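Asker: Please read through the structure below; I'll follow up with questions.
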There are 2 protein chains.
Amino acid sequence: MIIDVHGHYTTAPKALEDWRNRQIAGIKDPSVRPKVSELKISDDELRESIVNNQLKKMKERGSDLTIFSPRASFMAHHIGDFEVSSAWAAICNELCARVSQLFPDHFIGAAMLPQSPGVDPKTCIPELEKCVKDYGFVGINLNPDPSGGHWTSPPLSDRQWYPIYEKMVELDIPAMIHVSTSCNACFHTTGAHYLNADTTAFMQCLTSDLFKDFPTLRFLIPHGGGAVPYHWGRFRGLAQELKKPLLKEHLLHNIFFDTCVYHQPGIDLLTKVIPVDNILFASEMIGAVRGIDPETGFPYDDTKRYIEASTILTAQDKHKVYEGNARRVFPRLDAALKAKRK
Amino acid sequence: MIIDVHGHYTTAPKALEDWRNRQIAGIKDPSVRPKVSELKISDDELRESIVNNQLKKMKERGSDLTIFSPRASFMAHHIGDFEVSSAWAAICNELCARVSQLFPDHFIGAAMLPQSPGVDPKTCIPELEKCVKDYGFVGINLNPDPSGGHWTSPPLSDRQWYPIYEKMVELDIPAMIHVSTSCNACFHTTGAHYLNADTTAFMQCLTSDLFKDFPTLRFLIPHGGGAVPYHWGRFRGLAQELKKPLLKEHLLHNIFFDTCVYHQPGIDLLTKVIPVDNILFASEMIGAVRGIDPETGFPYDDTKRYIEASTILTAQDKHKVYEGNARRVFPRLDAALKAKRK
């Protein structure tokens with residue numbers, strides 16, 4: 001079985017975006033703020049948006065199941081207040097839940113949280129619990145920078161985040177650390193902000209003792225870990241300067257990287273440097289990079305090709321990357337699959 | 001000849017730091033603000049700080065000449081106003097000039113600029129010109145984020161930077177794009193902010209047409225280009241989505257990467273992915289990562305070992321990385337060497 005741990009609902013029917021635009025307009029002018037009930041998307045519309053897009057490509061490329069969360073760039077936690085984020089997160093999560101109900105063999109949910117800059121993260125817990133308990137979601141996406149590129153929240157090691165971590169530990173779910181749209185003109189969203197956030201999150205964990213407080217907490221750092229594997233020697237050396245344990249002991253019981261690296265040499269570096277138990281297959285398809293690589297003739301984000309072509313990974317390693325590690329990092333996914341005798 | 005294009009004066013006599021601390025105290029209390037003339041460092045002190053540190057390691061490791069600029073983390077452009085930065089930059093640059101006069105075969109200067117948040121970059125031009133014309137410096141370090149991790153300046157493609165670029169083109173000098181200390185708690189200086197800035201700067205260039213306006217402008221992106229080579233497929237794909245030319249045409253006449261990547265797999269990725277003409281040897285020694293890698297028994301930042309061990313680079317390629325490319329990207333360095341018949 002091939003599990004893609006990083007998929008977003010980037011192809012939702014346009015009614016969703018229209019509703020969001022009305023919601024945003026309603027921040028300034030409450031008279032135009034739409035009700036949640038005004039968003040109407042039929043099951044057929046959902047099916048169509050998936051069958052012709054993600055599911056089509058999954059079948060073409062040969063992956064079976066995607067952990068599916070709301071569109072990352074649309075989370076835009078910097079817009080409006082907690083109430084705005086709360087309504088928006090509920091809508092987006094519900095759509096992912098409906099997709100996973102319509103295609104139970106191919107999609108399972110991960111939640112966006114109703115984060116809002118300056119608002120205590122514990123306010124996110126009711127939405128988180130609903131998604132896990134009612135919708136059967138198996139993970140969450142945690143935004144380390146709800147300000148959207150101004151980085152006004154404290155680091156992930158700060159105690160403000162602990163209520164989220166306590167709930168994650170209780171429910172035995174991991175978090176993918178994933179920012180949203182940058183509203184800082186310095187940072188291109190998918191070309192700089194995403195990768196920077198990955199590197200930043202890793203270093204926030206490295207300099208702290210977060211995982212002493214939460215030995216079973218698990219973070220999935222997407223986009224191949226930002227700059228981290230490429231600079232693995234730098235990070236090993238910095239940990240040494242800071243008198244931290246070896247990274248393998250200090251962080252790799254708790255931090256995992258996905259394979260959203262869109263060329264063979266990048267995947268080869270990742271798999272050479274990072275222990276195979278810490279690598280989870282993912283493509284973030286349909287996402288930031290949708291074109292065909294003229295150097296290969298195949299889509300940049302068809303990351304399965306790079307894993308398949310790897311001469312570094314053994315067949316057993318590939319099984320871990322495709323399935324075994326995902327079952328371990330997302331125990332609720334494993335339980336859901338086992339309940340179906342998968 | 002082996003030229004290290006990225007060295008900072010991280011070992012300056014303690015009197016420098018003491019003076020700076022008094023200068024910082026003087027921001028709040030002008031009565032304690034020190035005069036420039038109160039900083040006294042003798043040639044012997046300078047010699048000692050170099051002979052026992054950078055020069056010793058250069059001889060041990062086998063590099064000949066270092067392009068030497070003030071300590072990056074100490075630039076701290078976010079502290080004080082333009083006047084504070086101006087006095088500080090002048091002092092730091094002069095020390096590098098004196099080092100290069102004391103050791104003319106081993107050091108040649110690159111300037112820090114007296115940048116200050118919210119201040120027009122063109123105010124930096126007198127210091128820049130002094131360093132190039134009076135001190136014989138061959139390049140500058142340009143900080144894309146003088147706020148120190150708050151990213152309040154416009155992107156490098158913004159016209160506010162153009163006066164600097166016009167002067168760089170006129171004087172035929174490149175800029176290393178190098179941030180300083182982060183005063184944002186989210187970003188560890190050398191573990192996140194430096195690498196993020198490298199990635200961010202590259203993406204700012206990618207999304208713009210800056211090099212159409214300045215076809216001969218040259219940026220050196222340090223620390224192996226941040227996350228860029230590891231995600232080269234992502235960047236090629238993003239350029240394609242944005243209808244930009246192939247990166248080779250769009251950016252690689254103007255953007256170069258150094259080899260400050262502190263493990264063999266990282267250097268191998270860099271040299272596999274980035275054309276050899278765009279890679280310049282550097283170690284940033286003595287810098288952020290000073291320890292011995294227990295996996296190799298050698299210093300992390302002894303990057304020459306990784307180049308030597310490369311099976312990807314030919315002997316001719318290595319010559320380019322060590323010397324040829326530096327002479328091309330830093331024409332004033334080449335001229336200075338030729339004047340000495342080197």
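The values are calculated or read from the model by the stated rules, or taken from the named source; none is laboratory data. Just so it is clear, the model here is predicted, and its values are computed rather than measured. Here the Cβ positions follow ideal geometry from the backbone for every residue, glycine too, while neighbour counts run over all protein chains shown. SASA here: full protein model, heavy atoms, side chains in, ligands and nucleic acids out. Shrake-Rupley method; radii C 1.70, N 1.55, O 1.52, S 1.80 Å.
Asker: Being outside any strand (DSSP E or B), more than 14 Å from every other protein chain (Cβ to nearest Cβ) and in contact with a strand residue (DSSP E or B) (Cβ under 9 Å, 6 or more places away or on another chain) is the filter here, so list the residues in segment A:266-303 that pass it.
Answerer: Answer for segment A:266-303, where residues must be outside any strand (DSSP E or B), more than 14 Å from every other protein chain (Cβ to nearest Cβ) and in contact with a strand residue (DSSP E or B) (Cβ under 9 Å, 6 or more places away or on another chain): A:D277, A:N278, A:F281.
Asker: A:H78 passes all but one of (1) open to solvent by 10 Å² or more (accessible area, probe 1.4 Å); (2) touching a Gly at 6+ places or on another chain (Cβ under 6 Å); (3) part of a helix (DSSP H, G or I); which number fails?
Answerer: Of (1) open to solvent by 10 Å² or more (accessible area, probe 1.4 Å); (2) touching a Gly at 6+ places or on another chain (Cβ under 6 Å); (3) part of a helix (DSSP H, G or I), only one is false for A:H78: (3).
Asker: Tell me which residues, restricted to segment A:221-244, are surrounded by 22 or more Cβ atoms within 10 Å (Cβ to Cβ) and outside any helix (DSSP H, G or I).
Answerer: Those that are surrounded by 22 or more Cβ atoms within 10 Å (Cβ to Cβ) and outside any helix (DSSP H, G or I): A:I221, A:P222, A:G226, A:A227, A:V228.
Asker: For segment B:150-172, state whether one or more residues are charged (D, E, K, R), under 27 Å from B:N325 (Cβ atoms) and open to solvent by less than 10 Å² (accessible area, probe 1.4 Å).
Answerer: Taking every residue of segment B:150-172 in turn, none turns out to be charged (D, E, K, R), under 27 Å from B:N325 (Cβ atoms) and open to solvent by less than 10 Å² (accessible area, probe 1.4 Å).
Asker: Same structure, new question: Go through (1) in a loop (DSSP other than H, G, I, E, B); (2) open to solvent by 10 Å² or more (accessible area, probe 1.4 Å); (3) within 11 Å of chain B (Cβ to nearest Cβ) one by one and return the number of the condition A:K342 breaks.
Answerer: (3)
Asker: Here is a further query. Give the residue that is nearest to B:T303 (Cα to Cα), with candidates limited to residues of segment B:221-258 that are away from chain A (no Cβ under 11 Å) and in contact (Cβ under 8 Å) with a residue 60 or more places away in the chain.
Answerer: B:D258
Asker: Can you name every residue in segment A:258-314 that is acidic (D, E) and at positive phi?
Answerer: A:E284
Asker: Is there a residue being under 16 Å from the mean Cα position of the chain (by Cα), closer than 17 Å to B:L220 by Cβ and among the hydrophobic types (A, V, I, L, M, F, W, C) anywhere in segment B:311-324?
Answerer: Looking for residues that are under 16 Å from the mean Cα position of the chain (by Cα), closer than 17 Å to B:L220 by Cβ and among the hydrophobic types (A, V, I, L, M, F, W, C), one finds none in segment B:311-324, hence no.
Asker: Would you pick out the residues in segment A:259-277 that are open to solvent by less than 10 Å² (accessible area, probe 1.4 Å) and either small (G, A, S) or within 22 Å of A:S208 (Cα to Cα) (or both)?
Answerer: Within segment A:259-277, A:G266, A:I274 meet the criteria.
Asker: Sticking with this one: With the structure loaded, tell me whether B:E249 is out of contact with any Phe, Trp or Tyr (no Cβ under 7 Å at 6 or more places or on another chain) and either open to solvent by 50 Å² or more (accessible area, probe 1.4 Å) or among the β-branched types (V, I, T) (or both) or whether it fails that test.
Answerer: yes
Asker: What are the residues in segment A:306-326 that are assigned to a helix (DSSP H, G or I) and open to solvent by less than 40 Å² (accessible area, probe 1.4 Å), if any?
Answerer: A:Y306, A:I307, A:D317, A:K318, A:V321, A:Y322, A:E323, A:G324, A:N325, A:A326
Asker: Within segment A:211-220, is there a residue that is at the interface with chain B (Cβ under 7 Å from one of its Cβ atoms), crowded, with 24+ Cβ neighbours inside 10 Å and of a type in the set (F, W, Y)?
Answerer: Taking every residue of segment A:211-220 in turn, none turns out to be at the interface with chain B (Cβ under 7 Å from one of its Cβ atoms), crowded, with 24+ Cβ neighbours inside 10 Å and of a type in the set (F, W, Y).
Asker: Here is a follow-up. Here are some residues: A:L55, A:L95. Which one is under 20 Å from the mean Cα position of the chain (by Cα) and either surrounded by fewer than 16 Cβ atoms within 10 Å (Cβ to Cβ) or farther than 24 Å from A:S180 by Cβ (or both)?
Answerer: So the residue among A:L55, A:L95 that is under 20 Å from the mean Cα position of the chain (by Cα) and either surrounded by fewer than 16 Cβ atoms within 10 Å (Cβ to Cβ) or farther than 24 Å from A:S180 by Cβ (or both) is A:L55.
Per-residue answers, yes or no, for (1) touching a residue at least 24 places away in the same chain (Cβ under 8 Å); (2) under 29 Å from A:C183 (Cα atoms):
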residue: A:I24; (1), (2): yes, yes
residue: A:S31; (1), (2): no, yes
residue: A:K35; (1), (2): no, yes
residue: A:D43; (1), (2): yes, no
residue: A:R61; (1), (2): yes, no
residue: A:T66; (1), (2): yes, yes
residue: A:S69; (1), (2): yes, yes
residue: A:I79; (1), (2): yes, yes
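Asker: Which one of the conditions (1) farther than 30 Å from A:S208 by Cα; (2) within 14 Å of another protein chain (Cβ to nearest Cβ) does B:L113 fail to meet, given that it meets all the rest?
Answerer: Unmet for B:L113, out of (1) farther than 30 Å from A:S208 by Cα; (2) within 14 Å of another protein chain (Cβ to nearest Cβ): (2).
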